[in-house]
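Worksheet: the structure to be examined is printed underneath.
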Amino acid sequence: MNWIETEFAALRYFALNGTDHRSHDEQNTAIAAYVRWRNTRAKPKTSFAVDSPIRTWTSFPVRAA
């Protein structure tokens, strides 16, 4: 899975699954509470694939217009 997919899976699990929000505002409040909780505990991603260009930050092609 892509890292963003795991973040959305966690959001769905902790804020949306098994709930019956009565309004969009109530649902938005639950999502915002999860995002605030997650952001206070976030750590940088460090386990990149061995051959990933993100490890060097220099091998990305330059896209000039």
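The table below lists the values:
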{"item": "Residues (of a type in the set (Gly, Ala, Ser) and either surrounded by fewer than 10 Cβ atoms within 10 Å (Cβ to Cβ) or free of Cβ contacts under 8 Å to residues at least 12 places away in the same chain (or both)) located in the stretch 19-36", "result": "Ser23, Ala32"}
{"item": "Test: residue in the stretch 43-64 that is part of a loop (DSSP other than H, G, I, E, B), modelled with pLDDT of 70 or more and touching a helix residue (DSSP H, G or I) at 6+ places or on another chain (Cβ under 8 Å)", "result": "yes"}
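The values are calculated or read from the model by the stated rules, or taken from the named source; none is laboratory data. Model, not experiment: these values are computed from the prediction. Reconstructed Cβ throughout: ideal geometry from the backbone, glycine too, with neighbour counts over all protein chains shown.
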